[in-house]
Every structure is written in C-alpha cells, then in structure tokens.
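Presented below is the structure to which this report refers.
The values are calculated or read from the model by the stated rules, or taken from the named source; none is laboratory data. These numbers were taken from a predicted model, which means no experiment stands behind them. Positions of Cβ are backbone-derived with ideal geometry, glycine not excepted, and every protein chain shown enters the neighbour counts. Remember, those area values only see protein heavy atoms, side chains included, never the ligands or the DNA or RNA. Shrake-Rupley method; radii C 1.70, N 1.55, O 1.52, S 1.80 Å.
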Amino acid sequence: METTVANQPYQVNEKGYYGHFGGAFIPEMLYPNVENLRDNYLTIIQSPEFQKEYNDLLRDYVGRPTPLYRAKRLSEKYGTNIFLKREDLCHTGAHKINNTIGQILLAQRLGKKRIVAETGAGQHGVATATVCALMDLECIVYMGALDIERQAPNVARMKMLGAEVRAATCGSKTLKDATNEAMRHWINNPEDTHYIIGSVVGPHPYPDMVARFQAIISEEIKWQLQEHTGKENPDYVVACVGGGSNAAGAFYHYLDRPSVKLVAVEAAGMGVNSGHSAATTALGKPGVLHGSRTILMQTDDGQVVEPFSISAGLDYPGIGPQHAHLFASGRGTFLSATDEEAVQAAFELTKLEGIIPALESAHALAALGRLGAGPNDTVVVNLSGRGDKDMATYMKHLD
Amino acid sequence: MNRITTLFKKQQQEGQSGLLNVYFTAGFPEANDTLRVLTALQNSGADLVEIGMPYSDPVADGETIQMSNDKALENGMTVKLLFEQLENMRPAITVPVLLMGYINPVLQFGIEDFCKKCAETGVDGLILPDMPMDVFLDEYKPIFDQYGILNIFLVTPQTTEARIRQIDAISEGFIYTVSSASVTGSQTGVSENMEAYFEKLNAMELKNPRLIGFGIKDHATYSKACEYSAGAIIGSAFIRVLAEANDLEKDIATFIKSVKAPSVATA
Ligand SMILES: Cc1ncc(COP(=O)(O)O)c(C=O)c1O
C-alpha cells in the first residue's frame with residue numbers, strides 16, 4: 001500500500017483536490033465524520049503496526065501477490081505482448097477486497113462498531129461483508145433493487161456472510177441510488193458507523209484513501225513485469241472504469257512516468273449515443289456528484305442522468321475525481337466498449353486463455369484491438385475480477 | 001437591507017415570538033403550484049419561505065422530500081422554469097424567500113447567473129447544504145455579496161464549537177440549526193438531548209439568530225423549538241400536507257394556523 005505523502009501533479013493536493021476536481025461537497029451533517037477521517041487516515045495507515053496487519057492479511061487472506069500472467073494466445077491474436085494482472089484471483093473474486101481490508105482496519109482504529117457500504121455488481125458488497133465477518137462487525141449493504149435482481153449470487157453470498165442487504169428503490173435502482181442510501185444511513189448514524197465506499201469516489205479523503213489501498217496492484221506489476229521482461233514500465237496499462245478504483249490502483253505507480261500510456265475503458269452500454277450508456281467522459285460535464293467535483297452525466301438542468309450498462313459495476317454516472325483530472329489534463333486516454341463488445345471480449349479470453357472474466361473487466365479487454373500496440377509493445381490489462389457472478393448473462397450468449 | 005436581515009431585526013425590536021419558516025418543493029404537487037403555494041403560505045402567516053429546487057439525488061433528504069423532488073422533476077421543473085415562475089412574485093410577496101437545493105443544478109446554471117436571477121426576482125438567500133464553506137469563501141462569496149444574496153449555513157449536534165464560531169462569523173441572516181443527526185423527515189420530535197444542544201448554542205451568544213429545523217411537524221415541536229431560538233423550520237410535515245391536499249389554499253391555511261396557534265386551527 002502507498003503511504004508516502006505524494007506531491008505530484010496527478011495526486012491529491014493538501015486541500016483534497018486533483019487539479020480542479022475533488023474536494024468534499026458534503027452537507028454539514030457529514031462534516032465531522034469526513035473531517036475525522038481526513039485528519040486521521042494518513043497517520044493510521046502509515047503506522048508500522050497497521051502496515052503489518054494490512055500486508056499480512058493481503059498475503060495470507062486475500063492471496064497476494066496476484067500473478068502477472070503472460071497471455072500468449074491473446075498476445076498472438078493482437079500482435080503485441082499482453083500481460084494480465086490477475087485480480088480475479090483475489091479472495092472473493094475481485095480487486096475490491098484490497099480496499100475493504102484497508103478500510104476495516106481503519107474503522108477498527110477509529111472505534112466504529114458498524115459498517116455501511118453501497119454495491120453495484122455486489123463485488124464490493126461481498127468484499128465488505130467478508131471483512132465484517134472476519135472482524136466481527138455489523139454490516140449493512142445498500143444495493144439497487146435492479147442490481148439485486150441481476151446479481152443474485154452475490155446477494156446470497158452477502159447474506160451468508162451475515163450482512164443485511166437493503167434495497168435502494170429510488171431513482172434508477174442501481175449503484176448511484178445505493179450510494180445515496182448509504183450516505184443517508186451515515187448521516188443518520190454519524191457516531192458509531194464507518195462508511196466503506198467501494199471506489200475512488202466520494203468526498204476527500206475517500207478517493208485518495210481508496211487509491212492508496214488499491215495501489216498494491218501497480219506496486220506488484222512493477223516488480224513482476226521486471227521479472228518477466230527486465231523492465232518495470234509497460235507501454236500501456238489498461239483498466240475498466242466504473243468509479244475507477246481498479247484503474248486507480250493499476251495506474252498509481254505509473255502516473256508520473258509519461259512513457260506509460262494509461263488507458264481507461266468506460267462502459268458504452270448500447271452505444272455512446274444510444275441514450276443507454278455509462279460512458280461518463282464522453283457524455284458528461286464537470287459538476288458535483290456524491291461529494292466530489294468530478295465529471296458526471298447530467299442534463300442541462302444539472303440533474304444526474306441514469307446510466308446504462310450490461311455490467312452492474314460500471315453502471316455509474318460519474319468517475320472518481322482523479323480520473324476526471326487524468327481525462328481533463330490528457331494524462332489518461334479514455335475509451336469505451338459497448339455491452340456487445342464486452343461480451344465478445346469475455347468469450348474471446350475464455351476461449352484463448354481459459355479465464356472467464358467479470359463483465360466489468362471484459363470492457364478493458366474489449367479495447368485491446370484499439371490501442372495501436374505493436375509487436376514491441378508491452379500491454380498490462382488489469383483483470384479486475386472473475387466472471388462467476390456474470391454467468392447468467394453469459395449463458396444467454398451461449399449458442 | 002436584505003429582507004431576511006430586516007425580518008430578524010424587526011423581531012428583535014418588537015419582541016415578536018417564534019418565526020415560522022416553511023419549506024416546500026418547487027413544482028409540487030403540480031408544476032404550476034409554486035407561486036400558488038408561496039402565496040398561500042404568506043397569507044396563512046408563514047414568516048419566511050424556503051423553496052426547494054428539486055434534484056435527482058437529494059442525499060440529505062428523507063423519503064418525503066425525495067418523493068416531492070421526484071414528482072416535481074416528473075412535472076418538468078427546472079431551475080430556469082422556477083425563475084420564470086417567480087419572476088413577478090414581488091411586490092405581492094413580501095416575506096423573505098430563500099431557495100434551497102443541491103449545488104450541482106446551481107453550478108450548471110452558473111453561480112453568477114444564478115445570483116443575478118435571484119436578485120432580479122427578489123430571492124433573498126440560498127441554502128445549499130453541499131456547498132463547502134471553503135469553496136464558498138474562496139470562490140463564490142464575492143458574487144453572493146455583489147448581488148446581495150445571503151448564504152445560510154447549517155450546524156448540527158456534531159458540529160464542533162470552533163466550527164460553530166467560524167460559521168457564525170461568516171454568516172448573515174440566520175443559522176440553520178439541524179436538530180438531530182438525520183436526514184430530513186425524521187420522526188424523533190424534540191428530545192432532551194436536543195434541548196441540551198440548543199441550550200449550549202444559546203450559551204454561546206452567537207451574533208446570528210438561529211432557526212431550528214428537522215423534525216418540526218406541529219404546534220408542540222414548533223413551540224418547543226421557539227423556546228430555544230428565533231423560530232423553527234417545517235419541511236417534510238408540510239410536504240405531506242401538500243401531497244394530501246384537496247383544497248390547497250384551505251389546507252395550507254389550516255395547517256399553518258395549527259402550527260402557530262392550535263386554538264385557531266379549526267377557524
Ligand atoms: C470486477 C469489477 N471490476 C471493476 C468494477 C468497477 O469498479 P472500479 O471502477 O471502482 O474498479 C467492479 C465494480 O463492482 C467490479 O466488480
């Protein structure tokens with residue numbers, strides 16, 4: 001995990017901003033909680049005692065380091081050198097647990113008795129319920145009513161892990177609405193509850209804190225790629241972006257290495273201009289969502305637009321403020337993949353490498369043909385999660 | 001002088017008891033009801049009115065106000081339409097009028113254009129709970145000042161004394177005292193804990209008057225709040241009245257009168 005106080009152009013500044021984006025746009029009711037976090041998170045996570053517990057759990061419980069796998073047949077197909085960072089092999093099946101392990105240890109040190117979280121695909125909910133079981137803390141997970149339907153296996157897992165799953169029935173009944181409900185819950189329970197946000201979104205310090213917990217991904221990529229190829233830097237790092245936590249972790253140690261192209265892939269749903277899309281940077285404008293100044297999909301009147309994606313984890317109308325900054329500054333390249341392209345990419349990976357990816361991660365794979373990477377280039381794709389939870393969707397395409 | 005400041009000055013000079021500030025959502029129950037509800041509130045004895053700008057993601061609001069926001073948006077409400085509806089409210093409307101909402105729609109309208117429109121229509125103040133104090137001070141305050149628009153800040157039972165003092169120092173008009181740690185529409189009433197918190201605020205001798213809101217729903221809660229402050233704010237309870245109203249003017253009058261003085265409730 002990254003613990004140095006960064007003072008680089010793409011990292012958060014002392015006021016909680018990434019360029020023009022970030023900050024803490026929260027009602028006064030949340031101010032004391034967020035201030036408490038802001039004043040304490042760095043001291044807590046930098047303490048040797050925290051570091052040891054966090055790193056031990058990542059190794060012995062999560063199963064880190066996750067492999068960096070040279071995907072030979074996929075590389076042949078695209079005429080370049082592709083490595084897959086296997087976050088799908090983490091305990092619970094996605095990168096989300098890197099963050100929840102960190103935050104549960106933090107919550108304990110802040111003396112919190114209860115955890116609240118939001119979830120889209122259910123991966124963050126499962127990862128949160130898991131660490132709550134591990135640490136014996138009460139766990140409430142808000143999930144959009146629509147997502148409860150389309151991610152049934154993860155709902156069952158959360159319940160078996162002892163979490164209470166509450167349906168968010170307002171708005172689009174997806175991730176943004178679950179996030180609203182989790183924030184309301186936190187407003188109503190300011191003293192005993194910690195809110196474990198599942199991505200690099202929300203008011204400062206959440207985006208920075210979550211990115212630090214996910215930074216382990218690129219920390220490992222550096223030495224693993226060195227072992228494979230003799231150099232730390234790939235030419236491309238590719239990751240899907242819902243809120244952006246797996247991308248933030250995969251980019252983290254490469255932000256200040258300009259030779260490394262950082263490629264973020266958003267969900268285009270049925271097509272960027274179909275009216276059923278979640279391609280935030282293509283469709284959005286600067287504004288405020290869930291406590292930070294960022295880029296979000298909205299009407300001319302400033303109402304948040306309901307996004308659409310086949311992948312519940314990418315079905316979000318915003319992106320984290322750091323990604324907004326990477327986009328606005330040109331440091332990041334933002335592409336998108338449609339539902340159909342993602343499903344195709346998932347089948348392709350399965351056929352060529354025997355790995356069934358999560359639908360979210362399949363969006364990153366779908367961009368491989370568009371990078372312009374050649375035979376001398378090295379491409380790292382962050383395979384953020386595995387496809388077990390998406391089998392119902394994949395089955396529909398089996399013929 | 002700003003109508004809000006004038007109102008509180010007058011209250012102090014005349015020893016008038018608790019002011020009643022009523023919140024309603026613009027464009028609710030029907031798109032064209034905004035001015036009608038505002039007028040009925042003034043005629044029924046509301047001392048200030050807070051008009052909510054509906055938003056798709058009102059995180060500080062409970063179910064009742066969320067419902068009114070959704071309905072208003074369905075009715076086609078926008079910030080632009082709201083300013084059109086309020087365009088000719090003065091001089092018939094004499095009470096101070098505040099707009100309350102979330103910052104994103106205001107940002108999309110443009111802070112400067114928004115403040116200018118407020119000044120033109122006769123809006124006196126804004127309550128934007130998710131606008132951070134430092135952003136207000138660094139970026140927007142000069143614009144608010146230029147157009148004479150007051151920004152009303154919130155304090156809660158969890159707000160530290162130092163921060164309350166800071167808020168008091170930069171506030172004008174009044175301070176919005178949130179009664180308990182909750183989103184709007186909680187049913188807790190006024191508990192002993194709250195009374196201790198209100199007393200603490202009184203003892204601080206702040207320069208700004210305070211209005212207490214969240215959980216105020218009837219004469220009992222209103223008068224309890226008034227014991228500790230310059231007045232009270234009613235939101236969700238009034239939205240419920242609007243949602244169930246058969247005759248808007250009559251039902252508004254009955255409710256407001258019942259809150260201010262129960263004896264005339266049936267008059
Ligand atoms: C496997 C997987 N990848 C990616 C995401 C998207 O989140 P983020 O953009 O924060 O990585 C999710 C979210 O649920 C997920 O489950």
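Sort out which residues of the stretch B:125-172 are open to solvent by 10 Å² or more (accessible area, probe 1.4 Å) and among the small types (G, A, S), and write them in order of number.
B:G148, B:A162, B:A169
Within the stretch B:217-236, how many residues turn out to be of a type in the set (A, V, I, L, M, F, W, C) and over 13 Å from the mean Cα position of the chain (by Cα)?
Of the residues in the stretch B:217-236, 4 are of a type in the set (A, V, I, L, M, F, W, C) and over 13 Å from the mean Cα position of the chain (by Cα).
Filter the stretch A:181-198 down to the residues that are within 14 Å of chain B (Cβ to nearest Cβ) and within 16 Å of the ligand (Cβ to nearest atom), then identify the one that is nearest to the chain's Cα centre (by Cα).
Going through the qualifying residues, I end up with A:I197.
Residues in the stretch A:43-54: is at least one in contact (Cβ under 8 Å) with a residue 60 or more places away in the chain, in a helix (DSSP H, G or I) and within 11 Å of chain B (Cβ to nearest Cβ)?
Checked the stretch A:43-54: no residue is in contact (Cβ under 8 Å) with a residue 60 or more places away in the chain, in a helix (DSSP H, G or I) and within 11 Å of chain B (Cβ to nearest Cβ).
Restricting the search to the stretch B:80-101, which residues are open to solvent by 10 Å² or more (accessible area, probe 1.4 Å) and assigned to a helix (DSSP H, G or I)? Explain how you work it out, then say what you get.
Within the stretch B:80-101, the first condition is being open to solvent by 10 Å² or more (accessible area, probe 1.4 Å), and the residues that meet it are B:80-81, B:84-85, B:87-88, B:90-92, B:94-95, B:100.
Scanning the stretch B:80-101 gives B:K80, B:L81, B:E84, B:Q85.
So, A:T229, is that one within 16 Å of the ligand (Cβ to nearest atom) and either open to solvent by 10 Å² or more (accessible area, probe 1.4 Å) or over 15 Å from the mean Cα position of the chain (by Cα) (or both) or not? Even if it seems obvious, please write down each step before you answer.
Values: within 16 Å of the ligand (Cβ to nearest atom): no; either open to solvent by 10 Å² or more (accessible area, probe 1.4 Å) or over 15 Å from the mean Cα position of the chain (by Cα) (or both): yes.
In short, no.
Just one of the numbered conditions (1) open to solvent by 40 Å² or more (accessible area, probe 1.4 Å); (2) touching a strand residue (DSSP E or B) at 6+ places or on another chain (Cβ under 6 Å); (3) not in a helix (DSSP H, G or I) is not true of A:M143; which one?
Failed condition: (1).
For B:L107, indicate whether it is under 30 Å from A:G23 (Cα atoms) and without any contact (Cβ under 8 Å) to a residue 24 or more places away in the chain.
yes
Taking A:K222, is it basic (K, R), away from the ligand (no atom under 16 Å from the Cβ), under 18 Å from A:L383 (Cβ atoms) and modelled with pLDDT of 95 or more?
Answer is yes for this residue.
Residues in the stretch A:349-371: is at least one within 13 Å of the ligand (Cβ to nearest atom), over 18 Å from the mean Cα position of the chain (by Cα) and in a helix (DSSP H, G or I)?
No, that holds for no residue.
Taking the residues in the stretch A:199-231 that are part of a loop (DSSP other than H, G, I, E, B) and over 19 Å from A:N36 (Cα atoms) as candidates, determine which candidate is nearest to the other protein chains (Cβ to nearest Cβ).
Looking only at the stretch A:199-231, we keep the residues that are part of a loop (DSSP other than H, G, I, E, B), and these are A:199-205, A:215, A:230-231.
In the following step, the residues that additionally are over 19 Å from A:N36 (Cα atoms) were identified as A:199, A:215, A:230-231.
Working: A:S199: 16, A:A215: 27, A:G230: 48, A:K231: 43 Å.
Checking each candidate, the answer is A:S199.
Considering each of A:V379, A:V343 in turn, give the residue that is more than 13 Å from the ligand (Cβ to nearest atom) and within 30 Å of A:V12 (Cβ to Cβ).
A:V379
Please state which one of A:R59, A:R38 is more than 13 Å from chain B (Cβ to nearest Cβ) and assigned to a helix (DSSP H, G or I). Step through it out loud before you land on a result.
Values: A:R38 fails: more than 13 Å from chain B (Cβ to nearest Cβ).
After applying the criteria, what remains is A:R59.
Given (1) within 15 Å of the ligand (Cβ to nearest atom); (2) over 18 Å from A:V241 (Cα atoms), identify the lone condition not met by A:N98.
(2) is the only condition that A:N98 fails.
Search the stretch A:244-270 for residues being closer than 20 Å to A:P9 by Cα and assigned to a strand (DSSP E or B), and hand back the single one that is farthest from the ligand (Cβ to nearest atom).
Among them, the one singled out is A:K261.
For the stretch A:162-194, which positions are surrounded by fewer than 23 Cβ atoms within 10 Å (Cβ to Cβ) and part of a loop (DSSP other than H, G, I, E, B)?
Within the stretch A:162-194, A:G162, A:T169, A:C170, A:G171, A:S172, A:K173, A:N189, A:P190, A:E191, A:D192 qualify.
Is it the case that some residue within the stretch B:160-176 is within 12 Å of chain A (Cβ to nearest Cβ) and either in contact with a His (Cβ under 6 Å, 6 or more places away or on another chain) or under 21 Å from A:N180 (Cα atoms) (or both)?
So far as the stretch B:160-176 goes, no, none of its residues is within 12 Å of chain A (Cβ to nearest Cβ) and either in contact with a His (Cβ under 6 Å, 6 or more places away or on another chain) or under 21 Å from A:N180 (Cα atoms) (or both).
The rows are residues; the columns are (1) β-branched (V, I, T); (2) more than 14 Å from the ligand (Cβ to nearest atom).
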site	(1), (2)
A:T80	yes, yes
A:T92	yes, no
A:L105	no, yes
A:K112	no, yes
A:E118	no, no
A:G122	no, no
A:A127	no, no
A:V141	yes, no
